Amino acid sequence: MIMSDRSVVWVTGSSGFLGSVVCERMERAGFTVLGTNSEVSVCDPERLEAFAEEVQPGVVINCAGIRRDATSLSDRIKAYEVNALGARNVALAANTIGATIVQVSSDDVYSSKLEEPVNEFDEPQPDTPYGKTKRAGELMVRNTTPDHIIVRSSWIYHAHSGRMKDILDAAGKGEKYAARMDQFAAPASVALYVDFLVKAIERNAKGTFHITPRGRTSRYEFAAKILEYAGYDPATVLVPETDPKTAENVVLESLMLEMLGADLPTWEEDLRSYMDSEGLLKI
């Protein structure tokens, strides 16, 4: 088996919300990054293997996937093809050239209504179609190659896309923004997320990890803190919302990182540090 260059990283789904940021920040960290999308489909194992043989990456980060809001019961066949079988195909391609696969997973592999925080040693029990496909993808990767890193997280945020951008845009335009008071998790900045990936690759880590700061917050409180740090009055922007049918409480504990001696920030500290780095901190 050929051992590939670990300074070369292949990112699947590189144009997506997370994939694009992973590419940008991995390049900033000094890696040579190769991004692919539909031209090297995760549903095409032969094309994946051929590309892997051609570029010889040392690490493959699988960011490709069907999104949470696109995996209703009627869409589950396509979701399993991409999120589960696609993950297996990427793992097979990585294994062929001796590369490490980093499988991007989610807190959705757990029940959406947990009574207490969960760590990497707690058994996943997904209760949504999306969560079941992501859990299947984890198992496919785990059963395909021992050279894997599975990462779970909650509410990854980025200043230039997604909810965080929507919140700041609404405030800047003098508009209202509806935020849920009954959905809880521990949000993580893209900076914290990619910093872990870099360290995991450099240290040749293996296994399953939760990438999450300490603490717990609601979407409403999280949005309020973003606005506060950006110099806005949250009360003039936010509209509280609740819906018992879609209430959530999924708080991940990063027990593996703590066992390795990681100094994890609180979610407020992570947010403040990230906004400061992006020039958004006003207080």
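The values are calculated or read from the model by the stated rules, or taken from the named source; none is laboratory data. All figures in this text were calculated on a predicted structure; none of them were measured in a lab. Please note: Cβ atoms are built from the backbone with ideal geometry, for glycine as well, and neighbour counts cover all protein chains shown.
Here are some conditions: (1) modelled with pLDDT of 95 or more; (2) surrounded by 22 or more Cβ atoms within 10 Å (Cβ to Cβ). Thr71 meets all but one. Which one does it not meet?
For Thr71, the failing item is (1).
Are any residues in the stretch 224-246 aliphatic (A, V, I, L, M), crowded, with 19+ Cβ neighbours inside 10 Å and free of Cβ contacts under 8 Å to residues at least 60 places away in the same chain, and if so, which ones?
Ala224
Is it the case that some residue within the stretch 21-40 is farther than 29 Å from Glu278 by Cα and in contact with a Lys or Arg (Cβ under 9 Å, 6 or more places away or on another chain)? Give the steps one after another, and end with the answer.
To start, the set of residues in the stretch 21-40 that are farther than 29 Å from Glu278 by Cα comprises 38-40.
Now narrow it down to the ones that are in contact with a Lys or Arg (Cβ under 9 Å, 6 or more places away or on another chain): 39-40.
Within the stretch 21-40, one or more residues are farther than 29 Å from Glu278 by Cα and in contact with a Lys or Arg (Cβ under 9 Å, 6 or more places away or on another chain).
For the stretch 226-283, which positions are touching a Ser or Thr at 6+ places or on another chain (Cβ under 6 Å) and of a type in the set (S, T, N, Q)?
Listed by number, the list holds a single entry, Ser254.
Any chance you could count how many residues in the stretch 146-171 are more than 17 Å from the chain's Cα centre (by Cα) and buried (at least 20 other Cβ atoms within 10 Å of the Cβ)?
Of the residues in the stretch 146-171, 3 are more than 17 Å from the chain's Cα centre (by Cα) and buried (at least 20 other Cβ atoms within 10 Å of the Cβ).
Got a number for residues in the stretch 83-100 being hydrophobic (A, V, I, L, M, F, W, C), more than 19 Å from Val8 (Cα to Cα) and surrounded by 23 or more Cβ atoms within 10 Å (Cβ to Cβ)?
First pass over the stretch 83-100, keeping only residues hydrophobic (A, V, I, L, M, F, W, C): 84-85, 87, 90-94, 97, 99.
Narrowing further to those that are more than 19 Å from Val8 (Cα to Cα): 84-85, 87.
Okay, now just the ones that are also surrounded by 23 or more Cβ atoms within 10 Å (Cβ to Cβ), so 87.
Residues meeting the conditions: 1.
Inspect all residues belonging to the stretch 215-235 and state whether any of them is at pLDDT 95 or above and closer than 27 Å to Val102 by Cα.
There is at least one residue in the stretch 215-235 that is at pLDDT 95 or above and closer than 27 Å to Val102 by Cα.
Can you pull out the strands (runs of 3 or more DSSP E) entirely within the stretch 1-85 that have at least 1 residues that are closer than 27 Å to Leu192 by Cα, in contact (Cβ under 8 Å) with a residue 40 or more places away in the chain and in the same structural domain as Ala136 (by TED's automatic domain parsing)?
Of the strands (runs of 3 or more DSSP E) lying wholly inside the stretch 1-85, those with at least 1 residues that are closer than 27 Å to Leu192 by Cα, in contact (Cβ under 8 Å) with a residue 40 or more places away in the chain and in the same structural domain as Ala136 (by TED's automatic domain parsing) span 5-12, 57-62.
Out of all the residues in the stretch 112-131, is one or more part of a strand (DSSP E or B) and either at pLDDT below 95 or not β-branched (Val, Ile, Thr) (or both)?
yes
Out of the residues in the stretch 236-253 that are charged (D, E, K, R) and more than 14 Å from Ala186 (Cα to Cα), state the one that is modelled with the lowest pLDDT.
By that ranking, first place goes to Lys245.
From (1) closer than 24 Å to Gly162 by Cα; (2) acidic (Asp, Glu); (3) at pLDDT 95 or above, pick out the condition that doesn't hold for Glu49.
(1)
Here's the yes/no breakdown for (1) assigned by TED's automatic domain parsing to the domain that holds Ala178; (2) touching a helix residue (DSSP H, G or I) at 6+ places or on another chain (Cβ under 8 Å):
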site: Asn204; (1), (2): no, no
site: Gly207; (1), (2): no, yes
site: Phe222; (1), (2): yes, yes
site: Lys225; (1), (2): yes, yes
site: Gly231; (1), (2): yes, no
site: Glu258; (1), (2): no, no
site: Gly261; (1), (2): no, no
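Taking the stretch 132-170 as the search range and keeping residues that are out of contact with any strand residue (DSSP E or B) (no Cβ under 7 Å at 6 or more places or on another chain), of a type in the set (A, V, I, L, M) and part of a helix (DSSP H, G or I), which one is farthest from Lys245 (Cα to Cα)?
The residue in question is Met140.
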